[in-house]
1. Stretch B:ARG235-B:HIS158 to full length: gain in nm at 0.36 nm per residue minus the Cα-Cα span?
2. Return the whole-Å distance between the Cα centroid of the stretch A:66-113 and the Cα centroid of the stretch A:27-42.
3. Just want the ordering: B:MET240, A:MET191, from fewest to most Cβ atoms lying within 10 Å of their own Cβ.
4. Please give the average number of partner chain Cβ atoms lying within 10 Å of the Cβ of each residue in B:53-65, rounded to a whole number.
5. What pairs in B:LYS44/B:LYS145; B:LYS71/B:LYS196; B:LYS257/B:LYS298; A:LYS202/B:LYS71; A:LYS203/B:LYS134; B:LYS145/B:LYS196 have C-alpha atoms more than 21 Å from each other?
6. Only counting other Cβ atoms within 10 Å, I'd like A:ARG234, B:ARG148 sorted with the fewest neighbours first.
7. Given R₀ = 45 Å, what would the calculated FRET efficiency be for B:THR171 paired with A:ARG77, taking r from the Cβ atoms and rounding to 0.05?
8. Once the other residues with Cβ under 15 Å from the Cβ of B:ASN220 are scored (Lys, Arg +1; Asp, Glu -1), what is the net sum?
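What follows draws every value from the coordinates through simple rules; no lab data is involved. Predicted, not measured: the structure shown is a model, and the values here were computed from it. With ideal geometry, Cβ positions are generated from the backbone for all residues, glycine too; neighbour counts draw on all protein chains shown.
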Amino acid sequence: MWGETISISPAPGPFPADTAECEGRSLLKTFVAASAHRGESVHVFGFEIPEEEFRAGFDPDVTVRLLYQDGFTDPLRWTGEAGGFGAEEFTALGVAGRLARGPAGPTTVVLDSLSWLLLRQPLPAVCQTLGQIPRAATSLRVTRILALLHEDLHPPGLVETLRSLARAVVGVGPAPEGMGSGGDAPHLASMLQRKGTGKVLKKVGEGKWRCPDWGVDPAANLTFNLRLSDTERRARDGMSLPFHFTVSGHAPFSQPAHFSQATPLLGPPAQCPQPLPSRPCPPFFFLPVPTAVSGPTPLPLAPPTSSSSIQSPLSL
Amino acid sequence: LLGPTYGTGSILENTTLEVLDFNLLPSSLNLEDKYGIYSNLLFKYFLAEGIVCGHNLFVASAKEDPADILKELPAPLSDDALKNQVDEKETAIKSKQESQESMKIAWRYQNLPRIEVNIPAASARFGHYYDVSKVVSPELLQSTKWHRFFLPEEMSLHPEIKTCNMTCGYTRLLQSIQRIIYQEGFDGSYPQKKQKNILRIGIQSLGSVLWGDDICCAHNPEDIYSLTKFLYVLRGLLRMSLSACIITMPAHLIQNKAIMERVTNLSDTVVGLESFIGSERETNPLYKDYQGLIHVHKIPQLNSLICDVSGTKDLAFRLKRKLFTIEVRETVFFHYLEPERWSKSYHLVL
């Protein structure tokens, strides 16, 4: 799936947009380096990664032109440290005030990332702010606004709207199989640029950059455990369930038909052609339906009257 | 219809040229193509026609400064330049004709010209022609009286309002239009004072997020009726004054299709533009000379009860060198071995 970078409003400029499969920050950093090499000062409003991590990998002549507005350390402004930048400060005047602290002249504004802002402010407000930044920053000349967008996080309507506003959109995604060779994973970047003359340019380029080696694992870093360790798995396998007959003979709940009747709460399965798996399931409470036994339906926890050795749940 | 009638929508027909007259209609809605390129062009044509006719202009935008929009209007073509343009086209057609294969069945028609290009005399002409490659001269602009509404500018006048939601933006625009109509006498006030003139209103990209509206990005917008309420009030203002309005709207972004139905209902003319950029039609040989299709969703029915009886529904546009032309697709049954050809130019008069 493709991620996209979106460039917005009057100041032209490409924006990288990425997805979980392929990150775009590296591409954003190449644009930052290019702006710095052109002699522009670069104001970075960073919200997702610490300043040191963003500055890592830049040459000294790029770093000296980089002015970092820290929105990562204290986004809600709880400690109130000077120099921090909160979400509520993202207005045209707020941003222009920060830009005025830097040197005058051509300036590139970088947002890392736009997704972070869009999750906290409505899209119309963000777009209006972006459109007003060049006008509000009167002491310097904003040449472009670069913003990183994580396409996965937003509905397609929002992404399309941003695409239509942007002058250039750069999407990054994994390259198809067979492309490229070597250690680093190849990526494809496609750029759609709208020129002032009304022409629309489409370019696709291949690039290689080293992505961080993390996989997307939604079960990682949780406060509860979704997986079983080996000992836990063995203990679970060895556990015998209630109403699981251990002697051969009449075992109503080991037959598929009875199994389907025995789980009315879960709903009857459409087909149950295979026999039940031998591994016991996690302990759910079944409502047993009498077949051979006449009389009232026994309650689940009531001890059975037959002589077969049904293990009571209380014996677990 | 209430209010003054200021011109009938007439369709002139002659053997070769059919002129679609959209002139002097209360409101005309232009649905934007995907990248907004051609809808912007039609928007500029409308305003340029106003300048050439000596009308007053009102330009509203949330994206571009109206002064910048006016600077980029296409320059009108003089009669001589127009004649040269026509001659160029005829020679191009003739050379193309010679290179075509001879017709197998309809050989009697071999020597007839394929496309007849006839520009009627200036007195019979309705509308003007423009050169897209040139911009209007500053002198012509200066002689035009125009008014502006630029939303970020309006918001900066009231800094206590940090962000302008759609209600705020639309309300301000309506108030501005109403004020201009009243002050300049387009609604019939000051009848003895001024000579009657027409106000041409152009609103760019209405409904986009820059106006503060979220119908383009949310399936369940915060206020689904704000746009339609705006159009309803605008229609009332237009009906009671000597004004015409063109609105461009990014319909392809509006998530809720019911909104587009209502908007179509509230407009007099609705034209959709579909550009081929980025679609598979870009490489389709059938469309190789053209940049997009025009879909006429609604035409005005002034003082009429009959429905749309226009025969031509299949229109494409092309922007070649200087002229923006709309052509109708016509299947010529004699040439069933050849691909369908395009003929019969239409000139859109705005």
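1. Working: separation 77, 0.36 × 77 = 27.72 nm, distance 2.73 nm.
Working it through step by step, the gained length comes to 25.0 nm.
2. 18
3. Details: B:MET240 15, A:MET191 18.
Arranged by neighbour count, lowest to highest, B:MET240, A:MET191 become B:MET240, A:MET191.
4. On the way: counts 0, 0, 0, 0, 0, 0, 0, 0, 0, 3, 5, 2, 2.
Partner Cβ neighbours, averaged per residue: 1.
5. Details: B:LYS44/B:LYS145 16 Å; B:LYS71/B:LYS196 26 Å; B:LYS257/B:LYS298 16 Å; A:LYS202/B:LYS71 28 Å; A:LYS203/B:LYS134 29 Å; B:LYS145/B:LYS196 14 Å.
Table pairs above 21 Å Cα-Cα are B:LYS71/B:LYS196; A:LYS202/B:LYS71; A:LYS203/B:LYS134.
6. Values: A:ARG234 11, B:ARG148 17.
With the fewest neighbours first, A:ARG234, B:ARG148 line up as A:ARG234, B:ARG148.
7. Working: r = 33 Å, r/R0 = 0.74.
About 0.85, to the nearest 0.05.
8. Values: positive: B:LYS257; negative: B:ASP213, B:ASP214, B:GLU222, B:ASP223.
Once positives and negatives cancel, what remains is -3.
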